[in-house]
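These notes are about the structure you will find just below.
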Amino acid sequence: NKNRMWSGRFSESTSELVAAFSESVSFDQRLYRQDIAQSTAHARMLARVGVLSTADADAITAGLEQVRDEIERGAFVWKTELEDVHMNIEARLTEIIGDAGKRLHTGRSRNDQVATDIRLYTRDAIDRLLPLIDTLADGLLGLAEAEADSVMPGFTHLQIAQPVTFGHHMLAWREQILRDRSRLVDARARLNVLPLGSAALAGTVYPLDRHYVAEQLGFAAVSENSLDAVSDRDFAIEFCAAAAMILVHLSRWSEELIIWSTPMFGFVSLPDRFCTGSSIMPQKKNPDVPELVRGKTGRVIGDLNALLVLMKGQPLAYNRDNQEDKEPLFDAIDTVTICLRVYAEMVPHIVVRRDACRAAAAKGFSTATDLADYLVGKGLPFRDAHHVVGAVVGYAAQHQRDLAELSLDELRRFSSAIEADVHQHITLEASVSARKTYGGTAPDQVRAAIARARRALAQR
Ligand code: ARG
């Protein structure tokens with residue numbers, strides 16, 4: 001095809017193989033809305049600074065609206081020989097409005113065009129993700145409130161460590177996702193800078209009003225350096241890093257939900273509508289949703305990795321390598337979005353089996369630390385108390401009994417500092433309510449944390 005937009009200097013047509021190899025329209029057509037928005041802003045600006053006539057700018061604006069309508073109706077014919085979304089739209093625009101369409105690309109290159117489109121697209125994605133995170137965080141807050149007093153085992157090394165409250169555990173998850181939220185907000189601020197006006201790499205001879213375009217498109221600033229603006233995809237990498245972190249967090253929660261919902265734990269049960277059965281084993285109810293979230297985490301880590309490696313060898317300025325930024329970026333956006341959607345819907349409906357949680361917390365000598373702290377209260381140095389309680393645990397384990405089941409006489413064999421009030425210090429409830437440090441697991445602290453969270457939400 002010798003009629004390509006750039007084919008003036010060429011003496012033979014692009015090989016079919018190369019055309020198929022180098023096209024991006026099959027995956028970048030999803031940028032059409034952003035592409036049309038920036039072309040509209042560019043045309044209006046060109047008219048303002050006198051590079052285009054108002055009539056041409058009006059024709060471009062109306063023509064682009066028609067193109068968008070055709071795309072959204074499914075009537076637009078995407079052509080591989082036109083390479084990418086940008087040239088497809090421009091070619092159709094020119095079909096509709098004639099010569100004015102050919103003037104649109106004045107003072108612009110696909111290099112600053114595509115950089116602008118992806119920034120807009122990523123920004124839109126972040127703006128859709130933030131409310132999903134908020135819904136999820138609210139769901140966790142609700143669960144925390146309902147389970148502020150519910151005792152469960154806290155684990156280290158997945159061994160029973162100390163009792164905690166279920167509400168406290170939910171607030172831990174919430175902290176993670178709120179940090180992820182702030183990472184997206186930070187990434188949004190850094191990416192919200194307009195590359196358009198950088199042209200191919202060096203800027204352009206036309207008196208462009210870049211600040212006007214930035215304002216039209218909601219960018220907070222214009223880029224400072226044209227070489228940098230067309231070539232770096234660090235904002236996409238940053239987004240993928242934030243997305244990967246979100247999924248790593250969701251994957252950790254998934255791991256817990258999967259373990260907790262096994263009959264051996266039975267701490268929670270996931271709503272039937274979020275589970276699937278087995279085609280052979282009639283009794284099965286499988287936690288497929290958390291498993292898939294855990295599995296999809298690998299993809300997004302891969303997307304991040306792909307972009308990092310894509311970038312690392314590139315000299316300034318634009319290189320066609322950058323066309324490869326889109327599929328990983330889009331995959332990361334799609335994957336983190338669907339995972340947050342299912343979690344936002346599922347989490348508030350997790351059913352907590354309080355009895356099973358409590359029964360598990362009562363095992364594994366979970367209040368051994370409380371016994372040591374009790375002895376410290378009676379004057380023993382902590383290291384000595386630790387040693388005494390270690391011996392008590394050894395004795396109890398040998399006799400297959402729990403700490404609370406040992407009589408005062410038995411306990412006193414290990415230390416005469418142990419007195420009749422000991423048993424009230426080593427109950428599960430005493431244990432959690434004693435952990436009153438700011439940010440600790442005591443139900444009062446959990447309720448205080450929830451109140452702080454609600455105040456912060458009201459101020460947002
Ligand atoms: N489809 C290209 C991309 O995604 C658009 C920019 C092409 N620029 C060029 N000089 N070939 O990066």
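Residue 294 meets the conditions (1) more than 23 Å from the chain's Cα centre (by Cα); (2) closer than 30 Å to residue 359 by Cα in every case but one. The failed one is (1). Tallying residues that are over 24 Å from residue 332 (Cα atoms), surrounded by fewer than 20 Cβ atoms within 10 Å (Cβ to Cβ) and within 29 Å of the chain's Cα centre (by Cα) within segment 196-221 yields 4. Are any of the residues in segment 326-343 under 30 Å from residue 435 (Cβ atoms) and assigned to a helix (DSSP H, G or I)? The answer is yes, given that some residue of segment 326-343 is under 30 Å from residue 435 (Cβ atoms) and assigned to a helix (DSSP H, G or I). Restricting 116, 106 to residues that are within 12 Å of the ligand (Cβ to nearest atom) and either part of a loop (DSSP other than H, G, I, E, B) or in the same structural domain as residue 192 (by TED's automatic domain parsing) (or both) narrows the list to 116. In summary, helices (runs of 4 or more DSSP H) completely within segment 198-309 and bearing 3 or more residues that are assigned by TED's automatic domain parsing to the domain that holds residue 122 and closer than 30 Å to residue 173 by Cα occur at 234-260. Can you pull out every residue in segment 72-100 that is modelled with pLDDT of 95 or more, among the charged types (D, E, K, R), assigned to a helix (DSSP H, G or I) and within 37 Å of the chain's Cα centre (by Cα)? Within segment 72-100, 72, 73, 90, 92 qualify. Screening 417, 448 for residues that are part of a helix (DSSP H, G or I) and either in the same structural domain as residue 365 (by TED's automatic domain parsing) or at pLDDT 95 or above (or both) leaves exactly one candidate, 448. On inspection, residue 56 fails the criterion of being surrounded by 16 or more Cβ atoms within 10 Å (Cβ to Cβ) and in contact (Cβ under 8 Å) with a residue 60 or more places away in the chain. Could you list, in sequence order, all residues of segment 139-157 that are touching a residue at least 60 places away in the same chain (Cβ under 8 Å) and outside any strand (DSSP E or B)? 139, 140, 141, 142, 143, 144, 145, 146, 147, 148, 149, 150 - these are the residues of segment 139-157 that are touching a residue at least 60 places away in the same chain (Cβ under 8 Å) and outside any strand (DSSP E or B).
Restricting to segment 43-102, name every residue that is within 16 Å of the ligand (Cβ to nearest atom) and of a type in the set (S, T, N, Q). Across segment 43-102, the qualifying residues are 80, 88. Of note, residue 365 satisfies the criterion of being away from the ligand (no atom under 16 Å from the Cβ), in contact (Cβ under 8 Å) with a residue 12 or more places away in the chain and on the phi > 0 side of the Ramachandran plot. Kindly indicate whether any position in segment 308-331 is modelled with pLDDT of 95 or more, away from the ligand (no atom under 16 Å from the Cβ), within 12 Å of the chain's Cα centre (by Cα) and surrounded by fewer than 17 Cβ atoms within 10 Å (Cβ to Cβ). The answer is no; no qualifying residue exists.
You will find that of 441, 437, the residue that is outside the structural domain of residue 172 (by TED's automatic domain parsing), in contact (Cβ under 8 Å) with a residue 60 or more places away in the chain and among the polar types (S, T, N, Q) is 441 and no other. Hey, can you tell me all the residues within segment 421-439 that are farther than 17 Å from residue 385 by Cα and not polar (S, T, N, Q)? Correct list: 428, 429, 430, 432, 434, 435, 436, 438, 439. Under the condition of being part of a helix (DSSP H, G or I) and surrounded by 18 or more Cβ atoms within 10 Å (Cβ to Cβ), the residues counted in segment 162-175 number 8.
The values are calculated or read from the model by the stated rules, or taken from the named source; none is laboratory data. From a predicted model like this one, the values you see are computed outputs, not experimental measurements. Here Cβ is always computed from backbone atoms with ideal geometry, including for glycine, and neighbour counts include all displayed protein chains.
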